[in-house]
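Notes to accompany the following structure.
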């Protein structure tokens, strides 16, 4: 176990290098975005990755000219609450569709799945009509409601729940757990990787959501980050150093969320087989 | 751990119900209806009226309008104006969504090119003759304002208009020993050739003239080049497209040859014309006066000049505008208030402040006089008296047809005549469908 | 409680339906009604803002099927799917597998490959357009240093769509990597150990163990990927000149077509007709795909 053969060592090295090169190419556009954020306007199109004149004036401009902190807060609230809702309801429905046999189960699954087959662009008008009727436009609930339960998440959880051995559930039933208890205490912990993935994607999706929030929001103080930044970008048409600075600031929380959750994907309990 | 999560979830869900109630505070720069306004001791007979004014968000514009609203409300204490602004790029989505939901403005600021759709849907009402007499408008505003008419009635009136002119980089001109911007088509080609630079691999480093269709190129072709060649873009009754007359074909050929033959410009160079011009990589660019706002901090000297004249020796330019109109929602007392507000927005004093603060050109000659010596605005202002605004049924598809035509020539080697005729057929169909519906 | 008399299975079914009630209601209200509303519009002539909406039946559909731009958009959309989805899956699996194999810096690599996914699409589009410039862009400069002539890339009706697909696959790399990492984690190590004892080599192990056991994940990726690529919009809007889906409509996707008809040409009903067609296509493709690639496993 201590003597790793040379071929294996070389293989490992090759993989490391390959991944590193791939990573360099992968993050190049991101680095360019970062670099531009720190450049003064005149240098935006200079071909240097490391800016000659590093400046913080773009970030300062954003803080001075926009209610950036408020946008941040709005986005954090909307994204977090939606993620919590999704991470509760989606696995629940996914579990039922995967593990509880009843008539019409597949039809329901397809009906739910079909709901993501209509592009959001066409749904925003009926959504807005509904939001106005309920007087929730320009509120957090108004911004959040279309995303509180997602077909995507249900599908994801269903796939992962399906791979769970039925014996696991049976064991729970023998122990006298309620159905919900089986779901909560047995199924959920066993799909932690998928759950973490779902949390990441839901948070990110809501963080970057634009099409519906821009319609739902008319009061500037309720703007989420993408809506505020888009407007800001338009007002500063072609001032890409400002746009990139805004994009950089918008990315930070998501990277943090990812950093926290990505370990969960790996630390998840793998099935050790009950058989 | 699970119990805590459950408790947290419950708390959060409860919180979101609470949050549903709380949204943006009602305070914006202008107050919404509040019965107990402290500033007036009006006799009870003057009723309080609130009207809504919608326009797209542009910082200097929004700030100026907020200021104007304050002044208007002071002068008219019984009127309150609710100012709603939208992001420019989602303008139509927002209007469609809001109107479908039963909300809507009394006065709306819209692009004149959308008039056919807005008017035909019954959404706009014509401006009352007594408040906005046609004779007065024609006397006091530039002729291009006529494009705010449909069926002989005025529906919208602009505060500011935009025209096309030739932006040119004075520093690049000096470096190439060219004293004056081009006055004719031929001069344009000659100067552009001197100002185009390529590197050893044949890659463009600098274009003498920024050739494009999207942006303002298509407007330049339609309203200016065709006329300069002796033709006109459409019939006077706006029913027939006249691009493929011999004059039109000649203009199109000259235009496209700027790239294909003279190679003084290229579509897509540095992504777009603004980027190229701002970075000193395009010596000349036909663009609208609205571009001045984006060019505030360029490190070189630039000016605007009237567009070069063509074979017929006459000056032309294209104008467009965003203007204010009355929606059908404005009735009774609101209508009166809306009319007052619209008048306030288009009076000379407002226009002057508008131009100073935002940089758009005034719609009244008496105000434009004051700015005609500004070197950056001069070229644009000069064109105001003779500018034409194209009648559009569908501006996006109209522009798209020309984009495809030019691309067919450049990318697929189609003949200019054939490409233009195909484009004309497409747009003619749009017009035919439109007019047949209106019977 | 009247439930005492039911069998265990029946109790479970009752619980299932009761619990599903809320989410189902949610979907019906939030997704299905609005979708039906949007599609109903296609049978009327709603010219943007007017009150009266005359019923026109299938007229919009007739016009749609004669619209050459519609067909071009449809064809482009299929290219997006046929090229993009497999590429996305292949890239995701590859990166996930490679990262699993290394012993150190796994977290760092995961982060690095995830970064494109979190970058704003506006920023991504701008950087890509800049790199892919015909004159002076980095990509062409690299090509020329190898003696390959500069390409038109985004300005070419034959190349542009592939450039955009590349940018979408690039941006989605982190997403599919995460999904497949999660999927790979669910494969018990014991299977691999048993196979090694039996003398199976790496390639063998992949095809006989990894690939089949990844099936649920692959099904998920393929289905959601197809649905997503069939609706590609933002990237085309940001990366084509003027957001027009050019040059020569070579990059225009169906959703971009719908969006332009609805909000630029103000033909909302016409756009609804195209939306209905898109929906049917997605539904059919999803059902077919699901049947074809799903393999059920009994544990």
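The values are calculated or read from the model by the stated rules, or taken from the named source; none is laboratory data. Note that the structure is a prediction, hence the values are computed from the model and not measured. Please note: Cβ atoms are built from the backbone with ideal geometry, for glycine as well, and neighbour counts cover all protein chains shown.
Within 14 Å of chain C (Cβ to nearest Cβ) and under 10 Å from residue B:264 (Cα atoms), is that true of residue B:191?
Working: within 14 Å of chain C (Cβ to nearest Cβ): no; under 10 Å from residue B:264 (Cα atoms): yes.
When the stated conditions are applied, residue B:191 does not pass them.
How about the stretch C:256-283: which of its residues are more than 10 Å from chain A (Cβ to nearest Cβ) and within 21 Å of the chain's Cα centre (by Cα)?
C:257, C:260, C:277
Residues that are within 14 Å of chain B (Cβ to nearest Cβ) and under 30 Å from residue A:33 (Cα atoms): list the helices (runs of 4 or more DSSP H) wholly contained in the stretch A:145-263 that include at least 1 such residues. Before you say what the answer is, go through the steps one by one.
Details: elements: A:151-162, A:166-174, A:192-207, A:211-216, A:225-235.
In the stretch A:145-263, A:192-207, A:211-216, A:225-235 are the helices (runs of 4 or more DSSP H) which contain 1 or more residues that are within 14 Å of chain B (Cβ to nearest Cβ) and under 30 Å from residue A:33 (Cα atoms).
Within the stretch C:55-73, is there a residue that is surrounded by 20 or more Cβ atoms within 10 Å (Cβ to Cβ) and more than 22 Å from the chain's Cα centre (by Cα)?
yes
From (1) closer than 30 Å to residue B:59 by Cα; (2) in contact with a helix residue (DSSP H, G or I) (Cβ under 6 Å, 6 or more places away or on another chain); (3) modelled with pLDDT under 90, pick out the condition that doesn't hold for residue A:164.
In the conditions (1) closer than 30 Å to residue B:59 by Cα; (2) in contact with a helix residue (DSSP H, G or I) (Cβ under 6 Å, 6 or more places away or on another chain); (3) modelled with pLDDT under 90, residue A:164 misses (1) alone.
Which of the residues spanning the stretch C:54-95 are in contact with a helix residue (DSSP H, G or I) (Cβ under 8 Å, 6 or more places away or on another chain) and more than 30 Å from residue C:237 (Cα to Cα)?
Those that are in contact with a helix residue (DSSP H, G or I) (Cβ under 8 Å, 6 or more places away or on another chain) and more than 30 Å from residue C:237 (Cα to Cα): C:55, C:56, C:57.
Would a scan of the stretch B:120-135 turn up a residue that is under 25 Å from residue B:58 (Cα atoms) and either at pLDDT 95 or above or not in a loop (DSSP other than H, G, I, E, B) (or both)?
Just the residues of the stretch B:120-135 that are under 25 Å from residue B:58 (Cα atoms), to begin with: B:123-124.
Now narrow it down to the ones that are either at pLDDT 95 or above or not in a loop (DSSP other than H, G, I, E, B) (or both): B:124.
So far as the stretch B:120-135 goes, yes, one or more of its residues are under 25 Å from residue B:58 (Cα atoms) and either at pLDDT 95 or above or not in a loop (DSSP other than H, G, I, E, B) (or both).
Can you tell me which residues in the stretch C:207-251 are modelled with pLDDT of 85 or more and in a loop (DSSP other than H, G, I, E, B)?
Of everything in the stretch C:207-251, those that are modelled with pLDDT of 85 or more and in a loop (DSSP other than H, G, I, E, B) turn out to be C:214, C:231, C:232, C:233, C:240, C:244, C:245, C:247, C:248, C:249, C:250, C:251.
Among the residues of the stretch B:147-159, write down those that are in a strand (DSSP E or B) and either over 16 Å from residue B:107 (Cα atoms) or free of Cβ contacts under 8 Å to residues at least 24 places away in the same chain (or both).
Restricting attention to the stretch B:147-159, the residues satisfying the condition of being in a strand (DSSP E or B) are B:149-150, B:153-154, B:156-159.
Passing the criteria: B:149, B:150, B:153.
For the stretch C:134-148, give me each residue that is over 18 Å from residue C:248 (Cα atoms), facing chain B (nearest Cβ under 9 Å), in a loop (DSSP other than H, G, I, E, B) and touching a helix residue (DSSP H, G or I) at 6+ places or on another chain (Cβ under 9 Å).
Result: no residue meets the conditions.
Residues are listed down the side, and each one gets a yes or a no for (1) surrounded by 22 or more Cβ atoms within 10 Å (Cβ to Cβ); (2) within 20 Å of residue C:175 (Cα to Cα); (3) away from chain A (no Cβ under 12 Å):
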| residue | (1), (2), (3) |
| --- | --- |
| C:221 | yes, yes, no |
| C:225 | yes, yes, no |
| C:234 | no, yes, no |
| C:238 | no, no, no |
| C:245 | yes, no, yes |
| C:253 | yes, no, no |
| C:285 | no, no, no |
| C:291 | no, no, no |
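Look at the stretch B:51-66 and say how many of its residues are more than 18 Å from the chain's Cα centre (by Cα) and over 23 Å from residue B:294 (Cβ atoms).
Matching residues across the stretch B:51-66 total 3.
So residue B:204 clears everything in (1) in contact (Cβ under 8 Å) with a residue 12 or more places away in the chain; (2) in contact with a helix residue (DSSP H, G or I) (Cβ under 9 Å, 6 or more places away or on another chain); (3) farther than 29 Å from residue B:375 by Cα except one condition, right? Which one?
Condition (2) is where residue B:204 drops out.
Among the residues of the stretch B:397-411, write down those that are more than 21 Å from residue B:430 (Cα to Cα) and facing chain C (nearest Cβ under 8 Å).
Matches in the stretch B:397-411: B:411 only.
Looking at this structure, is residue B:151 surrounded by fewer than 20 Cβ atoms within 10 Å (Cβ to Cβ), at pLDDT below 95 and either more than 19 Å from residue B:335 (Cα to Cα) or in contact with a helix residue (DSSP H, G or I) (Cβ under 8 Å, 6 or more places away or on another chain) (or both)? Full working, then the answer.
Numbers: surrounded by fewer than 20 Cβ atoms within 10 Å (Cβ to Cβ): yes; at pLDDT below 95: yes; either more than 19 Å from residue B:335 (Cα to Cα) or in contact with a helix residue (DSSP H, G or I) (Cβ under 8 Å, 6 or more places away or on another chain) (or both): yes.
Yes.
Would you confirm whether any residue within the stretch B:313-328 is without any contact (Cβ under 8 Å) to a residue 24 or more places away in the chain, over 27 Å from residue B:100 (Cβ atoms), outside any helix (DSSP H, G or I) and in the same structural domain as residue B:169 (by TED's automatic domain parsing)? Steps first, please.
Taking the stretch B:313-328 and keeping what is without any contact (Cβ under 8 Å) to a residue 24 or more places away in the chain, we get B:313.
The next check asks that each one be over 27 Å from residue B:100 (Cβ atoms); those that pass are B:313.
Imposing the further condition that a residue be outside any helix (DSSP H, G or I) reduces the set to B:313.
Remaining after also requiring in the same structural domain as residue B:169 (by TED's automatic domain parsing): B:313.
Yes, some residue in the stretch B:313-328 is without any contact (Cβ under 8 Å) to a residue 24 or more places away in the chain, over 27 Å from residue B:100 (Cβ atoms), outside any helix (DSSP H, G or I) and in the same structural domain as residue B:169 (by TED's automatic domain parsing).
If residue B:374 passes every condition in (1) surrounded by fewer than 23 Cβ atoms within 10 Å (Cβ to Cβ); (2) touching a residue at least 60 places away in the same chain (Cβ under 8 Å) but one, which one does it miss?
Among (1) surrounded by fewer than 23 Cβ atoms within 10 Å (Cβ to Cβ); (2) touching a residue at least 60 places away in the same chain (Cβ under 8 Å), the lone unmet condition for residue B:374 is (2).
Condition test on residue A:62, is it crowded, with 20+ Cβ neighbours inside 10 Å, outside any loop (DSSP other than H, G, I, E, B) and within 8 Å of another protein chain (Cβ to nearest Cβ)? Even if it seems obvious, please write down each step before you answer.
On the way: crowded, with 20+ Cβ neighbours inside 10 Å: yes; outside any loop (DSSP other than H, G, I, E, B): yes; within 8 Å of another protein chain (Cβ to nearest Cβ): no.
No, not satisfied.
Which one of these is within 29 Å of residue B:397 (Cα to Cα) and in a strand (DSSP E or B): B:225, B:167?
B:167 is the lone residue from the list that is within 29 Å of residue B:397 (Cα to Cα) and in a strand (DSSP E or B).
Check the stretch A:5-16 and report whether any residue there is closer than 30 Å to residue B:280 by Cα, in a loop (DSSP other than H, G, I, E, B) and more than 10 Å from every other protein chain (Cβ to nearest Cβ).
First pass over the stretch A:5-16, keeping only residues closer than 30 Å to residue B:280 by Cα: none.
No, that holds for no residue.
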